[in-house]
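The values are calculated or read from the model by the stated rules, or taken from the named source; none is laboratory data. Treat the numbers as computed from the prediction; the structure is a model and nothing was measured. With ideal geometry, Cβ positions are generated from the backbone for all residues, glycine too; neighbour counts draw on all protein chains shown.
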Amino acid sequence: MSLSLRSQIATIPIILSIALAGCLGPAGRSVDIVSPSSTPTLAASATPAPSPTPECWPLDRQFREIQQEAESLADPAAPAVECPQGRAITVFGAMQTFRHPIMEDTTDVLVNYMIWQEDIGIIYLVVKLDEETGLSEIYIYPDTWDEDQPAVHLDCQDMIPEQDSPPPEDQSKYLQVPIRGFGKVWCENQLWERIGFGVGWERGVEMTIQQGENGFYISVPPEGESEPLIFVLDTEKGSALAP
């Protein structure tokens, strides 16, 4: 064996000792050797942040005309419903028109309205102040009528409205004492003095409502071939614009 080969063999125990010593901690304690994972770990993909909810939604197209009409009134009492809080939605409800009997010396008859919104159990009373502009006042009542109560309020069962002369051919246009929830509010608050009697009976409707920061826009579907009835109700001012 040559001297060179002997030298290489002799150094093997030294190299092994050094290698083993590198795997020992202080005082001979073993140190774990962590092998790299054979499968690389992928970084988690970032979850996209949800789109922020807009503070004010666009006003539904069907309400833009009445909004412009309200803005055009040079009256500080005119309704100004701002910042729609969401899209327009469809809700079930009812509506009835009201007016005083036509007298011989009366040339301007104000048409008033009651609107019931079923989902929140509220009755809106819209009292017309000006038939030409539609400027109105609104009052809000809770609907406390239920099926266990009489359809016609006991205090108003004997009331018979004076009809037009001659009476209209369409029986649905006769003046009526309102019933159910409308009738209860009407009778208990003696509203015949303020808004008159119901024109025909109330009718159930699927109406469109868009809520604003301080009120509502309401569209009631037409009866017959007429146009929808569009309202803007400013609950902060207590004012409205009505057809």
* Considering only residues of the stretch 63-99 that are among the charged types (D, E, K, R) and outside any loop (DSSP other than H, G, I, E, B), which is nearest to Tyr124 (Cα to Cα)? -> Arg99
* Mind listing whichever residues of the stretch 121-161 are under 21 Å from the mean Cα position of the chain (by Cα), part of a loop (DSSP other than H, G, I, E, B) and crowded, with 16+ Cβ neighbours inside 10 Å? => Asp143
* Asked: With respect to Asp105, is the statement that it is of a type in the set (D, E, K, R) and at pLDDT 90 or above true?
  -> no
* **Enumeration of residues in the stretch 196-236 that are modelled with pLDDT of 95 or more, in contact with a Leu (Cβ under 8 Å, 6 or more places away or on another chain) and either surrounded by fewer than 20 Cβ atoms within 10 Å (Cβ to Cβ) or not aromatic (Phe, Trp, Tyr) (or both)** => Gln210, Gly215, Ile218, Ser219, Val220, Val232
* Does any residue in the stretch 203-216 that is within 26 Å of Lys237 (Cα to Cα) come within less than 9 Å, Cβ to Cβ, of a residue that is among the charged types (D, E, K, R) and crowded, with 19+ Cβ neighbours inside 10 Å six or more places away or on a different chain, and which pairs are these? -> Gly212/Asp234; Asn214/Asp234; Gly215/Asp234; Phe216/Asp234
* **Residue list for the stretch 129-141, restricted to those being within 15 Å of Lys237 (Cα to Cα) and either at pLDDT below 95 or touching an Asp or Glu at 6+ places or on another chain (Cβ under 7 Å) (or both)** => Leu129, Leu135
* To do: From (1) at pLDDT below 95; (2) among the β-branched types (Val, Ile, Thr); (3) closer than 23 Å to Val205 by Cα, pick out the condition that doesn't hold for Thr53.
  => (3)
* Asked: Of all residues in the stretch 72-100, how many are over 18 Å from the mean Cα position of the chain (by Cα) and β-branched (Val, Ile, Thr)?
  -> 1
* Asked: In this structure, does Glu193 turn out to be of a type outside the set (Lys, Arg), modelled with pLDDT of 95 or more and exposed (fewer than 15 other Cβ atoms within 10 Å of the Cβ)?
  -> no
* Taking into account only those residues within the stretch 223-243 that are in contact (Cβ under 8 Å) with a residue 24 or more places away in the chain and part of a loop (DSSP other than H, G, I, E, B), which is farthest from the chain's Cα centre (by Cα)? -> Pro243
* Within the stretch 61-74, is there a residue that is farther than 16 Å from Phe231 by Cβ, at pLDDT below 95 and touching a His at 6+ places or on another chain (Cβ under 9 Å)? -> no
